[in-house]
Structure formats: C-alpha cells, structure tokens
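Engineer: Dropping a structure here in structure tokens format, bear with me for questions.
The values are calculated or read from the model by the stated rules, or taken from the named source; none is laboratory data. Quantities reported herein were computed from a predicted structural model and do not represent experimental measurements. When we count neighbours, we look across all protein chains shown, and the Cβ atoms used for this are built from the backbone with ideal geometry, even at glycine. Surface areas here come from the heavy atoms of the whole protein model, side chains and all, with no ligands, DNA or RNA. Shrake-Rupley method; radii C 1.70, N 1.55, O 1.52, S 1.80 Å.
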Amino acid sequence: MWICHWWLIQLLLLTPSSAHNDFFTSIGQMMDLLFVEKDLVTSLKDYITAEEDKLQRIRGWAEKLDVLSDAASQDPEGFLGHPVNAFKLMKRLNTEWAELESLVLTDVSDVFISNLTIQRQHFPNDEDETGAAKALMRLQDTYRLHTDTLSTGQLPGWTSDASPPIALTVDDCFDLGKVAYSEADYRHTELWMLQALKQLDQGEHAGTVDTVTILDYLSYSVYQQGELERALDFTKQLLELDPSHQRANGNLKYFEHQLTKQTEVVEEEEEEEEVQRRRRRETRIRANDYLPERKKYEQLCRGEGIRMTPHRQRRLLCRYYDNGHHPRFVIGPVKQEDEWDHPHIVRYHDIVSEREMEKVKELAKPRLRRATISNPVTGVLETAHYRISKSAWLGSHEHPVVDRINQRIEDISGLDVGTAEDLQVANYGVGGQYEPHFDFGRRDEPDAFEELGTGNRIATWLLYMSDVQAGGATVFTDIGAALKPKKGTAVFWYNLYPDGEGDYRTRHAACPVLLGNKWVSNKWIHERGQEFRRRCVPRGTD
C-alpha cells in the first residue's frame, strides 16, 4: 500500500500549498482535490478490509464516497462545473473528513492515518468552505434561484446526460444558513434555514442539526429584518418542542412586549412603520452595497434589460474581414460579427484552433493564481471579493502558440502588440465573476501603467476558450449589452476614443458562472506604438 500511494505523497510534498491563503476558484485545482479524495477513499477501504468487524460505520462512509468519487472522476471538469458539487467537495474535505479522522484515531491504522495526515495539509479550510457557500448565495441572487433549485441541483442549463448533481442535505442547508448568519446576512439565513426546515418536514434525516436549532436561527433572522410577528411565531413553535429553552422564553416575552407597544401606536404611525419595514425588507439584500449598478448588472447576467432596438439590430452585420487586404487574410478572411454599434464591439469566429486553446490552458494551469485588481486609491495590485478567478500570464516567445496568437491579434486589429501586456489567461470556477470595471486607467486614479511606460490601455481583446452551460456572460452595464461565451471566438473593442480619452461606455463585467467552467484569455493593447495605426482625432471631427 505504501508503494501504491508513494507517487501522490511525493507530488503533494513538492507542490506549494495555497489552500490556506486562497479560495479554490480554479476548476483545475479542484480536480486535483477530487483525485486526492478518491485516493483517500481507496486507502480508507483498505483499512476497513483489515478491521471490518470493528469498523462497520466507517465502511458505510467509504462506500458512499467511493460511488461519488467514481462518478466524479469519469468527468471531473463537468462534475466540478456544477457549483453544488464544488460546495459539497469543500464541505466534505474541510469538515467531514476531520470528523472521520477523530473516529479512526480510536484504533489507529498507520497507513490510512499517515496518508490522510499528509494530504490534509492541502485540503480546503474554513475560509475556502465559506467562500464556496458565498458563491452559491451569489448565484442564488444573481440568477434569482429558489433554494429548492439549488438544493436539488436542477440548475438552468443542466441536462440529464451531464454529471449528476448531488442534492444538498438538511445539514448542508443549515450550514449555508450559518455562513449567512456569520456575515449578518439575515435574508439568506432565513432562506436556507427555511429550506432546512422544509426538508426535515418532508422526512429527510438530519445528521447533526434539529428543528429546535433551526427555529432558533429563524426567529432571530426574521426579527432582524423587522418581522416581529413571524419572529414570535417561530419562537412559539420552538417552545412547543422545547418548553425549557432559555433564550426562546426570554425572546417570547420580549417579542410579545414589542407587539403590544406596536398596537398602541396611532394608525398613522403604524402605517408609516409598515412602509419603513417594507423598505427595509426590499433593501436588506445589500444594505451597504458598494456597486451602484448592481441591479442592472444582475439583470444583464440573466439576459434581461438588454437595450437594443430592432432598428439598431438590423444594422449589425456579419462579414468576411481581411483588414484592408492584409496579406494573411486575402485568401482566407476571418468571420467578423457586429455585437454592438456604439461603442463598436465585434466578435471574430473560429479565430483559434482547439489545439491552440488546449496548449494555452496547459501552459497556464501550473501558474494559475488568484486574480488581482489595481487599487483605485493606491494603484497597488491586490485581490478583491468582486473579482473571483484564477489567472496566469504568458509572455511572448514562451511558446510558438503564444507568438501565433499575438501575431493574429496584431494582424486582425491592425494595432501594434509589441507594447501590449502579456497574454492573461483566466479560469472562472464555482461562482467565478468579475464585477463591473473599466479596463483603462481613469484620470482620477494613480497611473497603474506608469511602470510599463506604454500609456493607457487603448483596446481589449477577449478570447473565449470554453463554452459555458449557464451564466458567465460578458456584460456592458452602461450600454446594456450582453455577450455569451462561445469557444474559439474573440471579442474586441476600443477602451479609448480616438482623442485618447476614456470611453466610459465600455464599463463591463464577467457574470458569475452558474454551470460549467469558463476559460478566457485577454490581451490589453496599449497606446504606445499606435500613433500611425489609429489616428488621433478630436471627437466630433472624425
């Protein structure tokens, strides 16, 4: 058995651990966890075989995970493309395996414990599991998903021939509610505690949680949202099950006292209070939201609110494009499609081959790290909760395929890519997103590109290297455009006007990936070198 697991142990000892510093946003990284978990199951089954009479409880655990791991390993990327599967993986490895370890230690098996101990240092931690839970709730809000939909795993875009989703248990729903509670997010606390309660009422067995505990969370979460009568009702239900519950008895008196005070308020004040309660309920989702266009952003992610009249749509054309009889495209022009008119956004179809995309992914995977943004105040690169993806940078001359793609961008766009940034490759996993932002540096920000000495970002080239079953669109919040990922296509737009001023209409975002795995690569082209390629023209004169 030691020989069987030697290669994995060596691999893990040589691999830098990033689990405790970074949320697992890369599907590729989580695929490694799936195989680690499968190896643990195999090791556990060997241990059970040795002590079968003593370890019947552990045998049942292993068989359950063995079935799951076998199914997942058939199509690990598709399996982890489902956010519920990813969350369950986080939860199993962070919480449930630790509980199993305590059980096994009562009768130590050197091989299994050694294997588990070595691999646990690479497991996700509480922060990672919390991140996966928040990702589910982010998807819930953005795509207006009912808790039943997430709990059963029957997400929009999921098909029966795909990897089967795993349903959330009562305990899973309760844990999601607890994550929301720890963030003072009482709306999601209520939603997930209600879902846990519903599944209990339907006869589902709970492992560690009971109805009393759920009702305790529910009463407090609805009270915090200003719904005193519902809080009182949940408290009474709790006391029917546990009349001696100390906190519930105290809350019962307090809630009844508050309701009595409310009935004494004059009618006009009562109506005003009801209006205020309604407003609080409507705005409690994100009371201190930093993103002013949140509603528009999420509407576009759902395919709503797109602003393009039929008359304007008829003016969007498809054509064979040779960039002014460029020698490379005279015989084989590229397929160009107008995605938007003002600003002009175009999509190029079949612009890279399957082999080229796979090579780019292969080169990027070992370097994937949490994506960063430039702090608008300090100009320093840092991670941010509104950009959740893994990215890597591929420089020129690293591989012929990178050179070919760079040359193709230059030939098609007509811009000099000699002063462009390296090719950035990004992978968006569970709930991966990048909320509305500008690619160019604004006048009121520190010059994030000063060290480069190449000026501002004049244009963006965005290459889609995977299809996405649901979600993951690129949306432009100012103009109301939404572009769906399509493997092998690239979209291109100018971030700056011909006079060098920033085009604020290009504010855009990457919507959360609801189902699937999103790979993209960006090429940000800078001003220097474009003086004779894009003429500087004052607005209104071109």
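Engineer: Please count how many residues of the stretch 66-109 are in a helix (DSSP H, G or I), among the charged types (D, E, K, R), open to solvent by 30 Å² or more (accessible area, probe 1.4 Å) and under 18 Å from Trp158 (Cα atoms).
Structural biologist: Qualifying residue count for the region: 1.
Engineer: While we're here: Would you confirm whether or not the stretch 226-241 contains a residue that is more than 40 Å from the chain's Cα centre (by Cα) and under 27 Å from Gln195 (Cβ atoms)?
Structural biologist: Within the stretch 226-241, the subset more than 40 Å from the chain's Cα centre (by Cα) is 240.
Of the ones still in play, those that are also under 27 Å from Gln195 (Cβ atoms) are 240.
Within the stretch 226-241 (the criterion being more than 40 Å from the chain's Cα centre (by Cα) and under 27 Å from Gln195 (Cβ atoms)), the answer is yes, since at least one residue qualifies.
Engineer: Oh, and also: Going by the structure shown, is Thr149 among the hydroxyl-bearing types (Ser, Thr, Tyr) and within 22 Å of the chain's Cα centre (by Cα)? Before you say what the answer is, go through the steps one by one.
Structural biologist: Working: among the hydroxyl-bearing types (Ser, Thr, Tyr): yes; within 22 Å of the chain's Cα centre (by Cα): yes.
Taking the combined requirement at face value, the residue satisfies it.
Engineer: Then there is this: For a quick check of your reading of the model, give me the residue pairs whose first member lies in the stretch 183-194 and is within 13 Å of Tyr220 (Cα to Cα) and aromatic (Phe, Trp, Tyr), whose second is open to solvent by less than 10 Å² (accessible area, probe 1.4 Å) and part of a helix (DSSP H, G or I), with beta-carbon atoms closer than 7 Å and at least 6 apart or on different chains.
Structural biologist: Sorted first by the residue in the stretch 183-194, then by its partner, the pairs are Tyr186/Ser221.
Engineer: Can you tell me which residue is surrounded by the most Cβ atoms within 10 Å (Cβ to Cβ) among those in the stretch 445-460 that are at pLDDT 95 or above and either farther than 26 Å from Asp416 by Cα or among the aliphatic types (A, V, I, L, M) (or both)?
Structural biologist: Filtering first and then ranking leaves Ile458.
Engineer: Ok, one more. Residues of the stretch 26-65 being of a type in the set (Phe, Trp, Tyr) and either open to solvent by less than 30 Å² (accessible area, probe 1.4 Å) or modelled with pLDDT of 85 or more (or both), which ones?
Structural biologist: Residues of the stretch 26-65 of a type in the set (Phe, Trp, Tyr): 35, 47, 61.
Within the stretch 26-65, just Tyr47 meets the criteria.
Engineer: I'm told Ala196 meets every condition in (1) at pLDDT below 95; (2) open to solvent by less than 40 Å² (accessible area, probe 1.4 Å) except one. Can you identify the failing condition by its number?
Structural biologist: Of everything listed in (1) at pLDDT below 95; (2) open to solvent by less than 40 Å² (accessible area, probe 1.4 Å), Ala196 misses just condition (1).
Engineer: Still on this structure: Please identify the pairs in which a residue from the stretch 322-341 that is under 30 Å from Arg307 (Cα atoms) and of a type in the set (Gly, Ala, Ser) has its Cβ atom under 9 Å from the Cβ atom of a residue that is in a strand (DSSP E or B) and open to solvent by less than 80 Å² (accessible area, probe 1.4 Å), counting only partners at least 6 apart or on another chain.
Structural biologist: none
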